[in-house]
Structure formats: C-alpha cells, structure tokens
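Once you've had a glance at the structure underneath, I'll fire off some questions.
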Amino acid sequence: MTLILGLESSCDDSAVALVTSDRRILAQSVVGQNSAHQAYGGVVPEIAARAHVEILPGLIERVLADAKLSIAEVDAVAATAGPGLIGGVMVALLAGKGLALAAGKPLIAVNHLEGHALSPRLADPDLGFPYLLLLVSGGHCQLLEVRGIGDYRRLATTIDDAAGEAFDKAAKLLGLAYPGGPAIEQLARTGNPEGVRLPRPLVGSGEPHFSFAGLKSAVQRAVASDDFAPADIAASFQQAVVDCLVDRTRLALRTSDAPALVVAGGVAANQAIRGALAELAEQSGRRFSVPPAWLCTDNAAMIAWAGAERFAAGDCDPLDVPARARWPLDERAEKVRGAGVKA
Ligand code: KG4
Ligand code: ZN
C-alpha cells in the first residue's frame, strides 16, 4: 500500500487530498472561489492564481492534520502540472516540488485530464482497461479510449465550445450565476425539455466530433425573443446537450470494442447526463461507470489517485518538469478547429 498527497490548482478550485493505492481517501478538501469570480461571469485567471497562493498552503496543513499524518509518511507527492490556467497550474506544481524536495519524496506531475480520466477507477475497483471515456468538463469535451495508464486514444473532440463551457454560456445568457452547470440543472427541473426547439449540432453526422456553438446562439435568440420561460429554455438546452452527447457517444461505440462506457469531468455531475449515458450503455451491452458527483468536479483525490496509478507503474518526474497550459492526453491526435484549451 502506498500513500499519495495530491495537489490541484489548475482552474478555480484549490484542492488537497491524501489517497492510498487501495482506494482509501484519508482526508481531502476543496476550496472553490465562486464568489471571487461571480461578478465577472467566469474565471479570471489572475484572481484565481493569487487565490491559490493564499489558500493552498493552509489546505495542505489541514489535510495532513485531518489524517493525523506528516509529510514524512507520504510515499510521493502528485501535483497537477497542466493543462489549465498557467498561473494557477504553477501554484500546485511548485508547492508539490517544494514538498518533494524538502521531504525527499518522489514527484509525480499529473495531467489534470488524466486525473479526470482515471477517477472512475478510484470509485469503481472493478473497472479495468480498456474503457470508452466521455470526458466532459469546463474546457474539454472528448471521447477517448482509455487503454491503460498513459495510453489514451482520442476518438472525438469539440470543434468549438466544451460541454461545460456551453452550460456556463447558456447560464450567463439566462442571468444565472457562475458556474452555470449546476444552476441550469436546478432551473431545468421545473421546465419543459420540449418547450423550446433548439438545434442538436452534428447529431446524425458521420463526423465523430462535438459542436455546441450553434446551440448557444439558439439559446441567445430564445432569451432575446422573450417568448419562453427561463425554466423551459434551461430544460430544453439541457436536453439538447444530452441528445448531442448520447448521439456522438453512440457513434464512437461503433468504432470501439471497449467493454465499458465511462463518463467523467465536471459536467458528468449532471443527473440527466448520467442517466442518459447509463441507458446508452445498457442498450449497447456495455458496463457503465460514473464517479460520484463530487469526484466529477475538480478535486485533488483524482490527482492523488492518478499519482498512485503512475507511482505503481514506476512513473515519476524530475524536479524540473514544466507546467503546461496545453497538454493533450493523446499527443498524436490531430488538432481540430477551435478545441477548448482550459482544463
Ligand atoms: O471538471 P470541472 O470541475 O473543471 C474543469 O476541469 O473544467 O468542470 C467544470 C465544468 C463547469 O463548466 C461547470 O458548469 C460544469 O462543469 N458542471 C456542470 C454541473 N456541475 C458542474 N454541468 C452540468 N451540470 C452540472 N450539474
Ligand atoms: Zn477538471
């Protein structure tokens, strides 16, 4: 059994966790910054980076104290090294380097997307490789075949907005607070998902990718028309996103013989999306796995867990490992027009 300290600061959540290789979360904490960014309707990189500098050291101290452990008892330090807002990424990475150096521990520079991609295996001990992963977060919307640690093949990505970005933009148009995903999901509960006719970009197309920009423009027109109740717009928007995700994932399932379908990333916290993907898995005879909602949105348990998987594979990093704003999971995948750059 090994014990990994995980550190995360690539967007607007400062997070620290202590996780064991046998899937126990000994302590963890996530501190968000929603109130600091709400006035701007999105994350302001400079504000986020400064807040991580203030919050992260105290969180490390508290998480170690909660677990009644010292840094000397940790086997390795895992820190997110990208992709994300570079000022924020540097905070956890440098904190991790400092701890590793001072305590004489190995450092594991974790790709934030790998944290999301492997998070289902922390919650689901029976989930083996390979699996087809729908990774939906604030900065990404991808279908990946996860074949093993560090072995990812991208089958599809977005040609414009990420799924979470679409939720955040639609929420802003509806005058809802950031982050938009949870706000839309809540408002959608009282709305009619067929109340507003909205497009489903690329649905039915043989091209494997995602697109959400046209959906956002349609929401903009619906809001501007004053003809629809906000709850109906929210419910119809959410249904359109569900339909796009299901259709694109169904297409990818035709080209992958992975026995399991998995969904992860912040948008996977959405109940309608979880339900629709579970149904698709059942229809296509695949095992379905999704982490609990708290493990879908940004956290450090997934970073520590990815660190534990990498550590078990003997895969650590030197202290001069760089921070990366862009860091695709599948480095061989072709760039497509407009793909998101955030984590
Ligand atoms: O993975 P995550 O926490 O951060 C990134 O790595 O981007 O994802 C954040 C995104 C935001 O766009 C947020 O609006 C969305 O996930 N999100 C949701 C829900 N909870 C968070 N989207 C839809 N429904 C939700 N319940
Ligand atoms: Zn994330």
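Can you tell me the mean projection area, over all orientations, of the convex hull of the stretch 129-290's alpha carbons? Units nm², please.
For the stretch 129-290, averaging the hull's shadow over all directions gives 8.7 nm².
In the stretch 35-112, how does Rg compare with the Kirkwood Rh, expressed as the Rg/Rh ratio over alpha carbon atoms?
Ratio of gyration radius to Kirkwood radius: 1.03.
Cα centroid distance between the stretch 21-49 and the stretch 203-261, in Å?
The stretch 21-49 and the stretch 203-261 have Cα centres separated by 27 Å.
Once the convex hull of the C-alpha atoms of the chain is built, how many Å³ does it hold per residue, rounded to a whole number?
123
Determine the shape class of the stretch 291-331: with a ≥ b ≥ c the square roots of the Cα gyration tensor eigenvalues, call it rounded for a/c under 1.5, and otherwise prolate if a/b is greater than b/c, oblate otherwise.
Judged from the Cα gyration tensor, the stretch 291-331 comes out oblate (a/c at least 1.5, b/c at or above a/b).
Now for a different question. Using Cα springs under 10 Å in a Gaussian network model of the chain, which residue among Asp226, Asp161, Asp124 shows the largest mean-square fluctuation?
Of Asp226, Asp161, Asp124, the Gaussian network model singles out Asp226 as fluctuating most.
So what are the ³J(HN,Hα) numbers for the stretch 146-157, from phi and the Karplus equation (6.51, -1.76, 1.60; θ = phi - 60°), rounded to whole Hz, Gly and Pro as x?
In residue order, the calculated couplings are 8, 9, x, 5, x, 10, 10, 10, 7, 9, 7, 8 Hz.
Order these by the 10 Å Cβ neighbour count, fewest first: Ser14, Ser119.
Sorted ascending by nearby Cβ count, the order is Ser119, Ser14.
With a cut-off of 8 Å between alpha carbons and a minimum separation of six or more residues, what is the relative contact order of the chain in percent?
That works out to 26 percent.
Suppose R0 equals 25 Å; then what is the FRET efficiency for Ser70 and Ala312 from their Cβ-Cβ distance, rounded to the nearest 0.05?
0.65
Can you tell me the equivalent ellipsoid semi-axes for the stretch 202-320? Use √(5λ) from the Cα gyration tensor, largest first, whole Å.
They are 32, 20, 15 Å, listed from largest to smallest.
Check cross-link reach from Lys172 to the lysines: straight Cα distance under 30 Å, and skip same-chain residues fewer than eight apart.
Lys216, Lys335, Lys342
Based solely on its DSSP helices, what 222 nm [θ] is calculated for the chain when runs of n ≥ 4 H residues each add -39,500 (n - 2.57) and the sum is averaged over all residues, nearest 500 deg cm²/dmol?
-13500 deg cm²/dmol
Considering Cα pairs under 8 angstrom that are at least six residues apart, work out the relative contact order of the stretch 162-311 and quote it in whole percent.
Value for the stretch 162-311: 22 percent.
Can you list the residues, at least 5 places off or on another chain, whose amide H is less than 5 Å from the amide H of Ala156, using H built in the peptide plane?
Hits under the 5 Å cutoff: Leu143.
Bear in mind these aren't lab numbers, they're just calculated from the coordinates by the rules spelled out. Not measured: the values here are computed from a predicted model. Cβ: placed from backbone, ideal geometry, glycine included. Neighbour counts: every protein chain shown.
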